[in-house]
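The values are calculated or read from the model by the stated rules, or taken from the named source; none is laboratory data. Since the model is a prediction, treat every value here as computed from it, not as a measurement. Cβ: placed from backbone, ideal geometry, glycine included. Neighbour counts: every protein chain shown.
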Amino acid sequence: MDKKKLSFNARAIHAGSQHCPETGAHIAPVYRTSTFVIENVERAIRLGYGEEEGYAYGRFGNPTVDALQKKVAALENAEASLAAASGMSAITTALFANLKKGDHLVAGDIIYGCTYGFVRDILPKYSIEVTMVNTAETESVKKAMKSNTKVVYIETPCNPVLRITDIKAVAEIAHTRGALLFVDSTYATPYLQRPLELGADIVLHSATKYLNGHGDVLGGIIAGSKKLIDNIRKPYMEWIGGVISPMDASEISKGIKTLGARMEIHCANARKIADFLEEHEMVEKVLYPGCESHPQHELAKIQMKDFGGMMSFNVKGGFEAGKALINSVELISLATSLGCVDSLIQHSPSMSHAALSRTEREAAGIAEGQVRLSAGIEEAEHLIADLDQAMAQVKKKLNI
Ligand code: LCS
């Protein structure tokens, strides 16, 4: 049987997952070890000098971590992948490995707050030039390219306003100028979007989100060609050291087995909630790629299998109304992060995007009263009822 030809759920369950060959344990044990005993010094020398593949030390490789890497590579249609301690560890290590003093980075001007802070404040300290543009306008990306541009970095759909960037078009622009395209595909997951198939060179994930799905670990993923991944692993990941623990890798591998099933429900729930919000008298604007009102709805339809579980919306009454709504929900939890089985709500300006100045947030369309919802997999009617009762409380409180 050609396992590469298996469909998504079969790959999510089987790729990288092995029964234990020694004991027959259905689920392979987690290799909780920091180091590996080597038979003799001759082999230690071969491993040390890279003349032989094998495990020598936890920061250089671990079988449980390898299993996760194989699983994600199979889902992203990548030759290889590399797991990291968090999404930020994946992003920063991948960027440091591909940029050096004097290089130029073109990045989206609406991306996760900590990534925004990293490219705005940290990369320039290493004499790496950065231009941040609206990557949904491919002409702006073209104009931003310079002779020293080495990487174009996009997030699609982007956090928190769900803007969509045309991966294929931006990949072409990057490649024409000899640059690489990095895509943070956290919001979409490989179930809804596979950037490498559309021409991207590196795909990144905060595995903390949908891949794990249960809100109990942090993790990150970098996937791409073997050459690019090997270059990031050795020496950057090994020397910078932001590796994932085997326990966390095992949790993420377990979560991925149900990714397809969960995403179906996340997407169906988000669509129902977005429809409800669009019709609600207290809502000014809904940002969800599945809505026809979304400016890149048609592109999302082409680029993604479905529209995901994330949305942002502006409540009538601005900041006070947004705050009151978040304080009034009962089933939905006030928490940053996203992609968990349970629904989470947050105030984007002060939580996920606190690293941006007010001016930067205004330019990005992150309104002071904007609310972001990560639709979980509870029955949609409960989530809608919770939002409805919260809206009624806001209306009463603000006398709207
Ligand atoms: N990329 C995206 C699109 C994200 O949303 C996040 C985290 C990261 C990367 C970083 O991943 P981490 O290091 O947290 O695993 N997003 C968060 C958010 O919106 N609220 O809290 C974290």
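Structure values in brief
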item: Elements of type helices (runs of 4 or more DSSP H) in segment 25-120, at least 2 residues being hydrophobic (A, V, I, L, M, F, W, C) and closer than 21 Å to Ile222 by Cα; result: 63-76, 87-98
item: Candidate set: segment 351-365, residues that are more than 21 Å from Met391 (Cβ to Cβ) and in a loop (DSSP other than H, G, I, E, B); chosen: the one farthest from the ligand (Cβ to nearest atom); result: Ser357
item: Search result, residues across segment 155-188 that are acidic (Asp, Glu) and either surrounded by fewer than 24 Cβ atoms within 10 Å (Cβ to Cβ) or within 14 Å of Val133 (Cβ to Cβ) (or both); result: Glu155, Asp166, Glu172
item: Options Ala363, Ala375, Ala355; residue that is surrounded by 16 or more Cβ atoms within 10 Å (Cβ to Cβ), closer than 26 Å to Tyr112 by Cβ and in contact with an Asp or Glu (Cβ under 9 Å, 6 or more places away or on another chain); result: Ala355
item: Top-ranked residue of segment 278-312 - restricted to ones that are surrounded by fewer than 18 Cβ atoms within 10 Å (Cβ to Cβ) and in contact with a Pro (Cβ under 9 Å, 6 or more places away or on another chain), ranked as farthest from Ala136 (Cα to Cα); result: Lys301
item: Positions within segment 303-351 being acidic (Asp, Glu) and within 27 Å of Gly117 (Cα to Cα), in sequence order; result: Glu320
item: Residue in segment 79-99 that is charged (D, E, K, R), out of contact with any Lys or Arg (no Cβ under 9 Å at 6 or more places or on another chain) and away from the ligand (no atom under 16 Å from the Cβ) present; result: no
item: Residue match in segment 264-275 (condition: surrounded by fewer than 20 Cβ atoms within 10 Å (Cβ to Cβ) and within 19 Å of Glu368 (Cα to Cα)); result: no
item: Tally of residues being of a type in the set (D, E, K, R), part of a loop (DSSP other than H, G, I, E, B), over 13 Å from Gly308 (Cβ atoms) and within 11 Å of the ligand (Cβ to nearest atom) across segment 177-217; result: 0
item: Condition met for Leu123 (away from the ligand (no atom under 14 Å from the Cβ), over 18 Å from Leu196 (Cα atoms) and crowded, with 24+ Cβ neighbours inside 10 Å); result: no
item: Some residue of segment 167-175 being within 16 Å of the ligand (Cβ to nearest atom), modelled with pLDDT of 95 or more, touching a strand residue (DSSP E or B) at 6+ places or on another chain (Cβ under 8 Å) and within 22 Å of Ala363 (Cβ to Cβ); result: no
item: Count - residues of segment 126-154 that are farther than 17 Å from His175 by Cβ, away from the ligand (no atom under 16 Å from the Cβ) and assigned to a loop (DSSP other than H, G, I, E, B); result: 4
item: Sole exception among (1) out of contact with any strand residue (DSSP E or B) (no Cβ under 8 Å at 6 or more places or on another chain); (2) at pLDDT 95 or above; (3) not β-branched (Val, Ile, Thr) for Ser293, by number; result: (1)
item: Residue selected from segment 378-399 under the condition outside any helix (DSSP H, G or I) and exposed (fewer than 14 other Cβ atoms within 10 Å of the Cβ), by the criterion farthest from the chain's Cα centre (by Cα); result: Asn399
item: Odd one out for Ala28 among (1) farther than 30 Å from Gly199 by Cα; (2) crowded, with 18+ Cβ neighbours inside 10 Å; (3) in contact with a strand residue (DSSP E or B) (Cβ under 6 Å, 6 or more places away or on another chain); result: (3)
item: Qualifying residue in segment 304-322 (condition: more than 21 Å from the chain's Cα centre (by Cα) and within 17 Å of Arg163 (Cβ to Cβ)); result: yes
item: Qualifying position, being without any contact (Cβ under 8 Å) to a residue 12 or more places away in the chain and not assigned by TED's automatic domain parsing to the domain that holds Asn231, among Glu129, Glu155, Glu139; result: Glu139
item: Scan of segment 331-348 for residues that are within 13 Å of the ligand (Cβ to nearest atom), in a loop (DSSP other than H, G, I, E, B) and surrounded by 23 or more Cβ atoms within 10 Å (Cβ to Cβ), ordered by number; result: Leu338, Gly339, Cys340, Ser348
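This table checks each residue for (1) without any contact (Cβ under 8 Å) to a residue 60 or more places away in the chain; (2) assigned to a loop (DSSP other than H, G, I, E, B); (3) aliphatic (A, V, I, L, M).
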| residue | (1), (2), (3) |
| --- | --- |
| Val243 | no, yes, yes |
| Ala249 | no, no, yes |
| Ser253 | no, no, no |
| Gly260 | no, no, no |
| Phe276 | no, no, no |
| Pro295 | no, yes, no |
